[in-house]
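Worksheet: one structure, shown below.
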């Protein structure tokens with residue numbers, strides 16, 4: 001009984017932590033972008049603007065929660081819930097430290113993560129479709145095409161790691177990296193994985209489903225108040241999720257000298273979150289068809305080749 | 001713009017040549033000519049001969065006027081000083097340009113109030129389309145054979161044609177404005193029906209893949225209130241139709257009730273990112289009408305300010321264009337640079353965006369102490385930043401795949417559509433008005449005209465970056481060579497008269513008093529004055545009837561032409577390309593609608 005209670009507390013703690021971290025990221029991103037773009041960013045509310053999140057939350061909660069009369073009301077409401085839920089559920093399998101994690105040793109952990117990210121696509125597509133608006137529809141269409149194709153080689157890229165470990169369990173994968181991080185043998189698996197991860201989180205340069213310059217706000221054009229807030233938090237949560245999985249798969253999870261495991265983990269995902277934000281500050285956005293051909297013609301062959309070479313090396317006994 | 005007599009002298013033999021050509025080719029008759037103050041050959045043509053004459057001017061190898069700069073009209077009904085015996089109730093004015101030698105020509109067509117119809121020129125120059133629509137909207141002159149003669153700047157429910165002299169000018173000349181619900185509804189329907197009216201939707205269009213999307217008039221990437229009706233197949237663009245007029249303020253009509261002097265601030269707001277660049281053609285035109293010679297120092301101050309504003313405008317263009325393809329940071333960097341440039345403007349003029357610093361006969365005041373140091377600082381600062389943009393944007397692979405080969409047009413198309421400025425030079429046509437007709441002393445300054453060999457989005461951005469470097473070169477020469485002397489002409493019509501003179505002698509005090517109370521009386525005449533503005537050719541066609549206000553102010557802006565080319569440039573491209581294309585043509589909606 002007490003064990004269940006501890007589990008519950010831990011799970012709640014992690015999920016709450018992730019959501020808060022995601023909300024906090026909105027602030028961190030704006031300050032970092034401000035730094036890189038020679039401007040200040042939000043620095044008025046609280047010390048150095050740290051209370052900006054609180055202000056934003058108050059604002060977003062008190063906005064009119066409006067469902068457009070032309071939208072499909074049930075799906076329209078369900079879509080943001082799907083997005084946020086699936087992203088947050090993805091954290092269930094992430095091993096944070098040897099002791100902290102909800103179900104880190106689930107034997108299909110990696111598949112569970114892939115499944116959850118695939119499910120979150122539905123949220124985006126349904127949002128675009130149920131809004132019954134042309135901009136949202138175009139955004140939803142882009143999201144469907146982009147995420148379905150990028151998932152293909154995301155899945156293929158991680159198989160290399162699975163082959164080296166012999167398990168889908170994320171804690172086993174972390175354990176297998178005690179001596180050497182998988183970034184070394186699996187560098188050509190890491191590249192497509194990270195790129196697909198950016199696409200999954202639809203962040204610039206892969207933010208075509210939103211494509212603000214042509215589509216206004218893409219799939220969430222018609223959303224307001226907390227329904228929009230859920231997409232927003234969902235996007236940042238998926239940045240955290242993708243960063244965590246990248247760290248777990250290729251950067252040795254909590255492993256690291258001197259510092260406690262939790263700190264190592266935090267430092268590593270912090271690095272990737274910063275990288276995601278830097279990408280947004282630096283790169284323009286490719287066109288939809290260019291993005292697709294990049295995925296299918298370059299990334300997919302790369303991940304297949306990586307898979308073949310990994311397999312060949314393992315069979316020959318070197319890997 | 002110095003010496004008018006020499007200019008007219010240069011033009012005279014050429015004018016005769018054109019006459020003889022027209023005779024030799026067996027055209028109906030040599031066209032009667034009108035004298036104008038600007039030396040641009042002005043021919044009067046009967047409406048029946050118009051098509052033949054224009055065809056001849058465009059296609060005959062001896063004429064070769066391949067660019068249609070402007071079509072406008074003048075309501076002559078209350079004009080005292082008729083320019084020519086053929087002049088009737090209305091006059092259509094066609095302004096064409098030969099880009100090889102920069103020669104311009106004006107053809108005027110008289111129309112009686114009872115028969116306000118002229119043949120359309122859409123078959124000769126595609127850009128005649130919008131110009132004729134504008135003339136119909138503003139003057140009620142019909143164009144026979146025009147494919148889409150709808151109102152352009154005014155709403156469909158508007159009663160009357162605003163630029164006619166019998167149309168009221170100010171709100172106090174009419175009763176209170178009311179918008180009945182039925183009109184409001186009709187306007188809404190008109191907006192909805194425009195795609196069908198313009199022929200974008202055929203009745204048998206039942207393909208479910210085809211979608212009509214409205215971009216704007218309120219959309220983050222349209223740089224102002226512009227509406228684009230886009231016909232999409234998936235994300236591929238089948239057709240686009242720009243819908244303008246949301247930013248129309250009636251600047252031309254306002255011009256007819258302002259004094260010659262008090263219209264200057266209105267010009268600043270036409271292309272609102274280019275500040276004093278807009279004053280330039282207007283004051284030059286008035287000076288030419290009045291025969292005022294501007295002192296050398298004032299001329300160079302004008303060039304200095306205009307080139308700083310060219311940099312400001314190009315920086316804004318660059319930042320927003322790059323943001324349109326999704327790169328979010330450069331826009332912040334360029335606005336930092338623009339801030340530096342605006343500080344220069346502020347130090348010299350005391351204003352930032354719209355200084356209205358030019359005056360008839362000079363500039364408002366002399367340069368402040370220490371101005372050259374500040375300008376030199378800026379000259380040292382900007383090139384490094386431009387190098388950074390080169391590395392950050394122009395060499396960025398994603399930026400290249402988004403812009404190279406996108407929205408391309410040929411030199412031939414550019415000339416036919418009336419594209420001027422960097423957009424024309426990107427096709428390889430080396431035409432810069434500062435070189436073709438050096439005004440205000442540009443001939444004394446050294447600078448190159450950057451060109452490229454294909455006009456796609458990438459090269460149009462490239463042109464602006466290169467032009468900024470050339471502008472820096474010009475500014476540097478201005479700083480080095482700034483002549484001493486007065487900054488305002490000693491002329492009774494110069495506005496306002498130099499203060500020292502006014503306080504000293506009665507001959508200056510009286511004109512000052514008259515100018516300040518009534519406004520200057522500019523001698524009757526007509527003049528066109530063109531400059532190489534930031535976006536292309538900006539022309540003011542001024543008509544004076546010998547009163548304190550202009551009889552007609554025609555403002556030809558480059559953005560108007562450029563916007564019209566969007567459909568041609570974007571058919572077959574993707575929706576995201578459309579944003580890159582409209583970003584790359586560099587327009588300001590206030591410059592389009594005026």
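Bear in mind that the values in this text are calculations on the coordinates, not laboratory data. Everything quoted here is computed from the prediction, not taken from an experiment. Positions of Cβ are backbone-derived with ideal geometry, glycine not excepted, and every protein chain shown enters the neighbour counts.
Below, the figures for the structure above:
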| quantity | calculated |
| --- | --- |
| Helix axis angle, A:300-315 relative to chain A longest principal axis, alpha carbon, degrees | 20 degrees |
| Selected from A:87, A:233, A:148 as most flexible by GNM, with chain A as the system and alpha-carbon contacts under 10 Å | A:148 |
| Cα pair distances in the range A:163-265, grouped into 5 Å bins until the bin that holds the longest one, percent each | 3, 12, 17, 19, 15, 11, 9, 8, 6, 1 |
| Highest-first arrangement of A:168-176, B:251-259, A:138-146, B:373-381, where packing means the average Cβ count within 10 Å | A:138-146, A:168-176, B:251-259, B:373-381 |
| Averaged over B:400-406, number of beta-carbon atoms from partner chains that fall within 10 Å | 2 |
| Three semi-axes of the equivalent ellipsoid, the range A:11-124, Cα gyration tensor, whole Å, largest first | 29, 24, 13 |
| Chain A - Rg (one decimal) and Dmax (whole number), Cα, Å | 19.8, 64 |
| Order by protection proxy (mean Cβ within 10 Å, highest first), peptides B:490-499, B:323-332 | B:323-332, B:490-499 |
| Ordering of A:11-18, A:155-162 by burial proxy (mean other Cβ atoms within 10 Å per residue, highest first) | A:155-162, A:11-18 |
| Fraction of alpha-carbon pairs over 31 Å apart in chain B - percent | 50 percent |
| Tensor-based shape of the range B:357-472 (alpha-carbon gyration tensor, a/c under 1.5 rounded, otherwise prolate or oblate) | oblate |
| Cα-based helix-to-principal-axis angle, A:134-165 vs chain A, degrees rounded to 10 | 10 degrees |
| Residue order, fewest to most surrounding Cβ atoms within 10 angstrom, among B:172, A:178, A:165, B:547 | B:172, A:178, B:547, A:165 |
| Rounded if a/c under 1.5, otherwise prolate or oblate - the range B:233-316, Cα gyration tensor axes | oblate |
| Gain upon complete extension [residue B:469, residue B:60; 0.36 nm per residue less C-alpha separation] | 143.4 nm |
| Overall form of the protein assembly as shown per C-alpha gyration tensor (a/c, 1.5; a/b vs b/c) | prolate |
| Taking N as its residue count, the alpha carbon Rg of the range B:236-384 over 2.2 N^0.38 Å | 1.21 |
| For the protein assembly as shown, share of DSSP beta bridges that run antiparallel, in % to the nearest 5 | 90 percent |
| Dimensions in Å of the range B:391-442 - Rg and Dmax from alpha carbons | 14.7, 42 |
| Against the rule of thumb 2.2 N^0.38 Å, how large the Cα Rg of the range B:72-114 comes out | 1.37 |
